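The values are calculated or read from the model by the stated rules, or taken from the named source; none is laboratory data. Given the structure is predicted, the values throughout are model-derived calculations rather than measurements. With ideal geometry, Cβ positions are generated from the backbone for all residues, glycine too; neighbour counts draw on all protein chains shown. The accessibility values were calculated without ligands, DNA or RNA, using every heavy atom of the protein model including side chains. Shrake-Rupley method; radii C 1.70, N 1.55, O 1.52, S 1.80 Å.
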Amino acid sequence: MSQNPDKLHSSEEKLSGLEDDQEENLDNSDQSVRKRIRQSAPGSHRDDTPKSSPSRPVSIEELMETAKGVTNMALAHEIVVNGDFQIKPAELPEHSLEKKVRDIVHKAFWDCLEAQLKEDPPTYDHAIKLLGEIKESLLSFLLPGHTRLRSQITEVLDLDLIKQEAENGALDISKLVRFVIGMMGTLCAPARDEDIKKLKDINEIVPLFRAIFSVLDLMKMDMANFAVSSIRPKLMQQSAEYERKKFQEFLEKQPNSLDLVTKWLQEAADDLAKLGHEMLPPYSSDGATGGASTLCFTAVQNQAYLKLLKWDHVNRPFPETVLMDQTRFLELQLELEQLLLVGTVLLVTFSAAGPALIDVPGFAEKIKTIVKVLLTGMHLPSFNLKESLATVGEKVCAEVNSCLSQHGFTPFSSEREAVLKGQIQAVASPDNSICKLIDSRIQKFLENYLASSHQKSLPAIPGGLSPIQRELEEIAAKYIRLVNYNKMVFSPYYDAVLGKILTKEESQIVGRSEES
């Protein structure tokens, strides 16, 4: 199991500046983990890191420009690697001064509008201003080809005409609002149909105006998120080039900035050698790689990325080129550790119950839900895994017996219950053979997923992992997105480092063969 994230040390100080400015652009969950990482970080563990030269005076303009560049890079990076990235409305903290002031101002505005509309005759100054804002919002949703809709909005929401009607007592505000709601229904995403339907049920003008603006804000978010998804493919290439350029600039100032990457890739190459992989295929014609084929480079890189899912974040600095995504790799690691326990408990349960419950609809999902709930917070210092697994055993046995009885099977005897509970509690042991088996199959699946990441067909799920297939594939998809983007940015550096590593390995093999 990985160490508690609250105790994480920072990776190499030399890239911490890039990471510091990134966190403001990330989701709240991502922010909290990043903050915990840095709050507990005492600094670099490497005493032999060369000290930087005395810093030169930096102007405010340079500082602001650098901060802006890093922030933009971090935001672009977030959009590219996070397939679920969405722009969300800003929410002020409850009971905060900002929220109190905003609520007071909004209430005063709407109270004023209501007072104007209740006058005899009604005053429409505020209402007309709101109609003008609504008009601008509706027009902003239109594409260049929406000529007819543009004409309709401009004609019906003609503010000069509306003012004249208001002055002559001929303004039908309800009619205009109905037109607005109808146009919103035409322009909104299907997900907002229900919100539009609710608008039609509001009869009072002021609450209706408030609701209209609320839905318009949601529509603006939908439009912005659609734009984000549309630009992602183009942004990916531009962001990769930009990050590579910035890293190269940094590398020129700090020539030792690939030390951790070199060690990381060397360990991956050593791992493959120990596993009996063919590190040095027959000589090829691509002199740039020193005789090693692209397949070999890819195999070492894939092994290196797999190592990031078992990383000791407490005691080891993270490789420089993946430092920007350390939090993401940590989160994937924690998700996999929980999924490992869930998968192990499911395998133990189905093995104990025999074929009776395998095909019962919803049974596996129910057990998964129980285990996930009881393992919530399993990486917190206060979490007691053995006690939680004891509770899991009790709940699982009760669910198994209930399901057996409902489907006409004999419930477990007390002896069989005791055996199943003991097997579930044994999952807490690092040496548990079933847990190790599930872990090796998960790693093999991810390895195959990496190898086939550019193919349309996904690798087959290894035996015993079917109950957690959906969760495993979701994690794998996030993992592959992260890995592929990192490769896109840093492949030239990896190739250069691996060229030296594999050439050295080749020389050692040739030397040993000549001696023999």
Volume of the Cα convex hull of the stretch 340-486, divided per residue and given in Å³: 121
R441, R178, R328, reordered so the largest accessible area comes first (probe 1.4 Å): R178, R441, R328
Members of K245/K307; K263/K310; K88/K372; K88/K129; K307/K487; K366/K421 lying beyond 19 Å, as alpha-carbon distances in this model show: K245/K307; K88/K372; K88/K129
Dipole in debye (nearest 20) - the stretch 357-428, about Cα centre, beta carbon charges: Lys, Arg +1; Asp, Glu -1: 160
Rounded Å value of the spacing that divides the Cα centres of the stretch 94-158 and the stretch 194-259: 24
Global geometry of the stretch 128-214, whether rounded, prolate or oblate, following the gyration tensor of its Cα atoms and the 1.5 cut on a/c: oblate
Solvent-accessible area of D193 with every protein chain in place, 1.4 Å probe, in Å² to the nearest 10: 80
Span from the the stretch 324-379 Cα centroid across to the the stretch 381-398 one, whole angstrom: 13
GluC sites (Glu not before Pro) within the stretch 117-220: DSSP coil, no more than 11 neighbouring Cβ in 10 Å: E119, E204
Size of charge dipole - the stretch 291-412 - debye, nearest 20, with Cβ of Lys, Arg +1 and Asp, Glu -1, no other charges: 100
Mean Cβ neighbour count within 10 Å, used as a protection proxy, ranking 238-251, 464-477, 400-413 highest first: 464-477, 238-251, 400-413
